[in-house]
Number of protein chains: 4
Amino acid sequence: MIRVKLIGAGGYGGIGMVELLMRHPEASLSALVDVQGVGGKLSDMWPYLRGHCDQTILAPDSAEAKNIEADVVVCATPDGVGQTAAPAEISAGRKVIDYSGDYRFNSAELYREYAGRIGRDPVHKAPELLKESAYGLTELHRNEVKKARVVGNPGCFAMSCICGLWPAVQYGLIELQGICCDCKTGVSGAGKKPAPGLHFPERYDNSNAYRLTGHQHVMEIERELSSLAGKPVSVTFTPQIVPMVRGILSTLYGRLPAGVTHKRILEAYGDTFDKEPFLQVRNYDEPVGTSDVRGSNRLIVTIATDERTGIFRVISHVDNLVKGQAGSALQNLNVMFGLPETMGLDLPPQHP
Amino acid sequence: MIRVKLIGAGGYGGIGMVELLMRHPEASLSALVDVQGVGGKLSDMWPYLRGHCDQTILAPDSAEAKNIEADVVVCATPDGVGQTAAPAEISAGRKVIDYSGDYRFNSAELYREYAGRIGRDPVHKAPELLKESAYGLTELHRNEVKKARVVGNPGCFAMSCICGLWPAVQYGLIELQGICCDCKTGVSGAGKKPAPGLHFPERYDNSNAYRLTGHQHVMEIERELSSLAGKPVSVTFTPQIVPMVRGILSTLYGRLPAGVTHKRILEAYGDTFDKEPFLQVRNYDEPVGTSDVRGSNRLIVTIATDERTGIFRVISHVDNLVKGQAGSALQNLNVMFGLPETMGLDLPPQHP
Amino acid sequence: MIRVKLIGAGGYGGIGMVELLMRHPEASLSALVDVQGVGGKLSDMWPYLRGHCDQTILAPDSAEAKNIEADVVVCATPDGVGQTAAPAEISAGRKVIDYSGDYRFNSAELYREYAGRIGRDPVHKAPELLKESAYGLTELHRNEVKKARVVGNPGCFAMSCICGLWPAVQYGLIELQGICCDCKTGVSGAGKKPAPGLHFPERYDNSNAYRLTGHQHVMEIERELSSLAGKPVSVTFTPQIVPMVRGILSTLYGRLPAGVTHKRILEAYGDTFDKEPFLQVRNYDEPVGTSDVRGSNRLIVTIATDERTGIFRVISHVDNLVKGQAGSALQNLNVMFGLPETMGLDLPPQHP
Amino acid sequence: MIRVKLIGAGGYGGIGMVELLMRHPEASLSALVDVQGVGGKLSDMWPYLRGHCDQTILAPDSAEAKNIEADVVVCATPDGVGQTAAPAEISAGRKVIDYSGDYRFNSAELYREYAGRIGRDPVHKAPELLKESAYGLTELHRNEVKKARVVGNPGCFAMSCICGLWPAVQYGLIELQGICCDCKTGVSGAGKKPAPGLHFPERYDNSNAYRLTGHQHVMEIERELSSLAGKPVSVTFTPQIVPMVRGILSTLYGRLPAGVTHKRILEAYGDTFDKEPFLQVRNYDEPVGTSDVRGSNRLIVTIATDERTGIFRVISHVDNLVKGQAGSALQNLNVMFGLPETMGLDLPPQHP
């Protein structure tokens, strides 16, 4: 039984991991850590978990949290927490999976650039771990993840864009410059903290773009796509929020290279995705919406090339809280511990 | 392994059962039957089930559907279907669990009254089965359900009201005449069929009462409560629809008999509910909402007596599609086949 | 032209008044006052008002706000503001309409009780004004409002309950003890301030009761109903929140006195409401929902007596931000200044 | 007083026009025509209009509808109705404004192509009127509209895209080939007819693209933009539906020609839009969402050029039922009859 210490247990990313671990036959929670609700039960904070998960929340610096028996630490925490916490956890022989941008980059220089874009301290707290960290988009980095002590989970928007464009950039089915990622997220992507723009009356019939110069998401997208292409890729990214709770709908545009057909694109995606348990491809005339991945670890893309205008077009559907966050982290955990990759991730969600 | 034949597989009640059976270690689907989508896969109708449940939908009258090996038939169907289908299933040695009003009453006379209230043929098609059918509110009829060949699952509104009032009427904590059940349901309670009042733009910012003389729900509520009280109970029932999808919030009012205190009521509910795995009780100052039971087989009541005015008040929270429908049916199935009552029903739901 | 000074301009109650005044031919805004956004335009805070209302927000204590020319001051403010502000405004010759509980009671003693229930300072700041203040439920207090210098606007829940029960208590069509008010409000009733329970992901599929001992609403309901009945009336009040934005659906229960029939109730409501421009009555079989009053100053009640069980039942529909707040305040303003009561309140809302 | 005959009165586009005419000082309804609800009042179909608009609905072929005194006929009807109805109306001396694609094209050949794309009879019923019809995007065709007897109102998606790209294509600020229009609409855009994908439970937490080869919208977009550019423009159009009711959020992408800067784009939009009463431009760091145009005849664009990647980006916000439909039709009516263009369209909407 893999013992999991969960830091940031009380956020959406934390309870998402709790829910998944309850379904997992080979992993279990050994400790819940958070800065809020310390000393109380997680089910006091989240009554729907009463009877399911009544463990006490420990303070991050408590002796109990530090000395807990655990094989892996999941940092379901915002930027900055994992880089502070990981070195001691690694020293204690635990592996680390971090949800934030703290371990998505392999050098202090790249991190510095990223941190600057989100207005954080540019000096990474554990630069020595950056070199060995793996980027936790499992499908692309399965072998690194398998061996890694530290895994940096992808951002949810990045997940939708990178998987959505993967075969296209790898097989030269899209022009590499000027790709446009039009991404709409549900509100849970902003976390559980109330804010004016997430207040029910202001959000229920409202859609908007935001952080229009927010390039921090772009860095990991461009890095991964460039690596797949073997050449630099440039991306324009438009984050938008729509009045749903779970789900990202990313519509990805680029130019079609001469001679690339819809049929060729469909085949390339099929060849790549059919080997992956959580990736699915659909043709333009098959109906699919974000509710088809809601609550699931799947990512579904629709191929909708516009040959008339020479525009490559793919639509990517993902649940930001599952494949975009906790599900993807558990998928990495499975790989890191030699378990079947789909373990605990194969139950159907509830609809509607 | 209990083999389940599911009739009405494509409705919300059907897919709810499919989802639950995927999580159940001792029961599995042997056949999917519906009048819609025959010959296609269930996952063609519901793409979120692709890879989870790709079985073919059989026509009700097909030889394949009739001869399938099955231990139990779940009729996730509207009024009228189960009473036609059950006799042959029983003859073939299968047990039957029906979601509708077809087997909620134990005599042709009572059914006649019920059928009249919903405008249906008053002559029951299988009157001989009525005598032996059990009312599938497991907590109240565990022993009958255990032995029954036919179980009539309660209505979702009735579930919320009967459980909400159970200890009160049993222990004389409420006046038995003039009880008012103010019940608000999410939209999924109306099923998957589109209708003007369920059209997104007409529903998103709208709440209303409906069927204000619809006494058919009242019959099973009054029957069960009268049985618990040992005296006649009368109930006024106000069904209302609010713009959520899953959940029923029932606020139940009555008069306090002389000398009955809040403390006494709280204790009585605690005594009764603490023995039940799916029932929980909370005091008036503990926050609880329908989202705390969303996706779960639980029913939570809040005790909020108003001693100043002499009003008994309990608030009942339930997910109409789980404890109000498929979950309750699976709970009965577990009991009917000697399995632990919570089997397959003990996973935490996903939030938010 | 009536000149209006609006205090609390930036809340939902403030912008609701701004919207209405833009449609009013005989009243106009002379000053916008708030503690937030001072020095900026109201349309900076609320971009949808750009070009409609670009006036600068003044600080409450600024000389400009104090010396502005105004005939009436609308305090669209929470409890405590109006009682501090009103004396100086009255001295300056301005009338005052207050949205909060500050002027709903006519004596310091009654206010003390009310303030205690909401946890505020029990000593009113302007007790001398309480004696002359009018309770601004226009339909019931038209004559007092006409002459008043200070009007205390009713609470939105109270509005729905008092109007809903008015003819019943006045004409003896309901037992006066043990009336139950089951009230569901949209989220805008809680104001614009973000809070965990109003965060979109926590609210979108959730309904709950709250403040179950919150008797402060009850005081004005019981006072008004007792006055109409000429005898004491007691009320149990259950506030609930459902995932809509605008609207209150109040279902009101009581016992039918011997001999009172549905027909009699319907007639009594018709006799009373048909004289009122903003009140409408419907029979139980006419469909009506809160969306039928959304954006409008109307209040519609449905009569749905249950003669079988002897239960009186009325359902009251109102937009909490219009007839429940700003619209009602403007209706009072019209009456106070001798304008037609419906002026500026007679445009149809937008649907859906 | 301009007398308006409204055909298709009972749809969202019809009641939107009714609402606007109630606010208009110089135009009024002379007849309501529809195929549904004939002989009843409009307020029987839409109870929120009771007391506001209780006129009787006439059958299209009735003598009363034909002989009514009217100066203008608004066809708030789907494709195919206006082309049948208009000739007789024109002969009777009435002007015609049509919401559908029936009069958006100036030749039978262009209409044939359009009709083919939406699967309709390719032969126009009134080809002689096509030559003289004006395309009712008022800001671009004010002079034609002023003189026209027949105006074809733009589609709501087309409105958002054409206005969003207008100064860019006119002043050479975007490459004319490969423009991508990523358009998200609220559900009211699909009309009032219930359908599985618009059923509340299927839509409340779901976003999806649809009709991915639906080029019919593209025709008018490309025609107008090419006309503005003086050169052919090609557009890829992705219609998407998100769980809101009112509003379109269109994010428009293209390539920046060498030397075109963000500053230059912002100026060009300002120069063009500042002359227009209903068009507004915002810079990328000013927050704006569809709720800022909800209920209003405004269209707001945000300029968010990505100079790093050479991508032109504009975000267009519009209410599909107002500036995207009824509001725009009324704007045309004002122009056709020499009234101030903003008359009846200048009231602030209600928020939230």
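The values are calculated or read from the model by the stated rules, or taken from the named source; none is laboratory data. A quick note: this is a predicted structure, and the numbers were derived from the prediction, not measured. Positions of Cβ are backbone-derived with ideal geometry, glycine not excepted, and every protein chain shown enters the neighbour counts. Note: accessible area is taken over every heavy atom of the protein model, side chains too, but ligands, DNA and RNA are not part of it. Shrake-Rupley method; radii C 1.70, N 1.55, O 1.52, S 1.80 Å.
C:S226 meets each of the listed conditions (1) more than 21 Å from C:D319 (Cβ to Cβ); (2) part of a strand (DSSP E or B) apart from (2). Take the conditions on the phi > 0 side of the Ramachandran plot and more than 18 Å from the chain's Cα centre (by Cα) and apply them to C:G310. Does it pass? Yes: the conditions hold for C:G310. Considering D:G51, D:G39, D:G16, the condition of being away from every other protein chain (no Cβ under 14 Å) and of a type outside the set (A, V, I, L, M, F, W, C) is satisfied by D:G39 alone.
Suppose we keep only residues that are surrounded by fewer than 16 Cβ atoms within 10 Å (Cβ to Cβ) and of a type outside the set (S, T, N, Q) within segment D:67-87. Which one would you say is nearest to D:Q216 (Cα to Cα)?
Restricting attention to segment D:67-87, the residues satisfying the condition of being surrounded by fewer than 16 Cβ atoms within 10 Å (Cβ to Cβ) are D:67, D:69, D:84, D:87.
Next cut, of a type outside the set (S, T, N, Q) only: D:69, D:87.
Details: D:E69: 35, D:P87: 24 Å.
By that ranking, first place goes to D:P87.
Can you name the number of the only condition in (1) open to solvent by 30 Å² or more (accessible area, probe 1.4 Å); (2) more than 13 Å from chain B (Cβ to nearest Cβ); (3) in contact (Cβ under 8 Å) with a residue 60 or more places away in the chain that C:T261 fails? It fails just one condition, (3). Would a scan of segment A:117-127 turn up a residue that is under 20 Å from the mean Cα position of the chain (by Cα), open to solvent by 30 Å² or more (accessible area, probe 1.4 Å) and outside the structural domain of A:G191 (by TED's automatic domain parsing)? Yes: segment A:117-127 contains one or more residues that are under 20 Å from the mean Cα position of the chain (by Cα), open to solvent by 30 Å² or more (accessible area, probe 1.4 Å) and outside the structural domain of A:G191 (by TED's automatic domain parsing).
Could you look through segment B:210-222, keep only residues that are in a helix (DSSP H, G or I) and not aliphatic (A, V, I, L, M), and pick out the one that is modelled with the lowest pLDDT? My answer is B:Q216. Within segment D:272-288, restricting attention to residues that are touching a residue at least 40 places away in the same chain (Cβ under 8 Å) and out of contact with any Phe, Trp or Tyr (no Cβ under 9 Å at 6 or more places or on another chain), which residue is surrounded by the most Cβ atoms within 10 Å (Cβ to Cβ)? Here the residue is D:F278. Whether a residue is basic (K, R), over 30 Å from C:P194 (Cα atoms) and surrounded by 23 or more Cβ atoms within 10 Å (Cβ to Cβ) was assessed, and C:R313 passes this test.
From the list C:G93, C:G119, the one residue that fits, being of a type outside the set (S, T, Y), on the phi > 0 side of the Ramachandran plot and at pLDDT below 95, is C:G119. In this structure, C:T261 does not satisfy being on the phi < 0 side of the Ramachandran plot and touching a Cys at 6+ places or on another chain (Cβ under 7 Å). Here is the figure for segment B:279-305: residues that are over 16 Å from A:S43 (Cβ atoms), touching a strand residue (DSSP E or B) at 6+ places or on another chain (Cβ under 8 Å) and away from chain C (no Cβ under 14 Å) total 2.
Yes/no per residue for (1) under 30 Å from B:S188 (Cβ atoms); (2) away from chain D (no Cβ under 14 Å):
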residue	(1), (2)
A:P257	no, no
A:D274	no, yes
A:K323	yes, yes
A:L339	no, yes
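Checked against (1) in contact (Cβ under 8 Å) with a residue 12 or more places away in the chain; (2) open to solvent by 10 Å² or more (accessible area, probe 1.4 Å); (3) within 14 Å of chain D (Cβ to nearest Cβ); (4) not acidic (D, E), A:R308 passes all but condition (1).
Take residues that are in contact (Cβ under 8 Å) with a residue 40 or more places away in the chain and under 18 Å from B:R149 (Cβ atoms) and tell me which of the helices (runs of 4 or more DSSP H) falling wholly in segment B:14-122 contain 3 or more. Lay out the reasoning, then the answer.
Numbers: elements: B:42-45, B:63-67, B:81-91, B:108-117.
So the answer is B:81-91.
Within the set of pairs 6 or more residues apart or between chains, which connect a residue that is closer than 30 Å to C:Y48 by Cβ inside segment D:223-252 to a residue that is assigned to a strand (DSSP E or B) and basic (K, R) with Cβ atoms less than 6 Å apart? Every condition considered, the pairs that remain are D:Q240/D:K184; D:V242/D:K184; D:L249/D:K184.
Condition check: away from chain A (no Cβ under 12 Å) and either farther than 30 Å from A:G254 by Cβ or crowded, with 24+ Cβ neighbours inside 10 Å (or both). Does D:Q331 satisfy that? Taking the combined requirement at face value, the residue satisfies it. Every listed requirement among (1) away from every other protein chain (no Cβ under 13 Å); (2) at pLDDT 95 or above; (3) surrounded by fewer than 24 Cβ atoms within 10 Å (Cβ to Cβ) is met by C:Y269 save one, (3). The set of residues in segment C:1-13 that are touching a helix residue (DSSP H, G or I) at 6+ places or on another chain (Cβ under 8 Å) and either under 14 Å from D:P352 (Cα atoms) or part of a helix (DSSP H, G or I) (or both) comprises C:G10, C:Y12, C:G13.
Please go through segment A:161-209 and pick out each residue that is free of Cβ contacts under 8 Å to residues at least 24 places away in the same chain and either facing chain D (nearest Cβ under 8 Å) or in a helix (DSSP H, G or I) (or both). Before you say what the answer is, go through the steps one by one.
Taking segment A:161-209 as the starting set, the residues that turn out to be free of Cβ contacts under 8 Å to residues at least 24 places away in the same chain are A:193-196, A:198-202.
If the condition is that a residue be free of Cβ contacts under 8 Å to residues at least 24 places away in the same chain and either facing chain D (nearest Cβ under 8 Å) or in a helix (DSSP H, G or I) (or both), then A:P196, A:L198, A:F200, A:P201, A:E202 are the ones that fit.
If the requirement is being out of contact with any Cys (no Cβ under 9 Å at 6 or more places or on another chain) and crowded, with 20+ Cβ neighbours inside 10 Å, which of these qualifies: A:G230, A:G186?
Numbers: A:G230 fails: crowded, with 20+ Cβ neighbours inside 10 Å.
Of the residues listed, the single one that is out of contact with any Cys (no Cβ under 9 Å at 6 or more places or on another chain) and crowded, with 20+ Cβ neighbours inside 10 Å is A:G186.
Inside segment C:1-13, residues that are crowded, with 23+ Cβ neighbours inside 10 Å and either away from chain D (no Cβ under 13 Å) or among the hydrophobic types (A, V, I, L, M, F, W, C) (or both) make up a count of 6.
Number of residues in segment A:97-116 that are open to solvent by 10 Å² or more (accessible area, probe 1.4 Å) and touching an Asp or Glu at 6+ places or on another chain (Cβ under 7 Å): the value is 1. Considering every residue within segment A:138-149, establish whether at least one is open to solvent by 10 Å² or more (accessible area, probe 1.4 Å) and over 26 Å from A:M17 (Cβ atoms). Within segment A:138-149, none of the residues are open to solvent by 10 Å² or more (accessible area, probe 1.4 Å) and over 26 Å from A:M17 (Cβ atoms).
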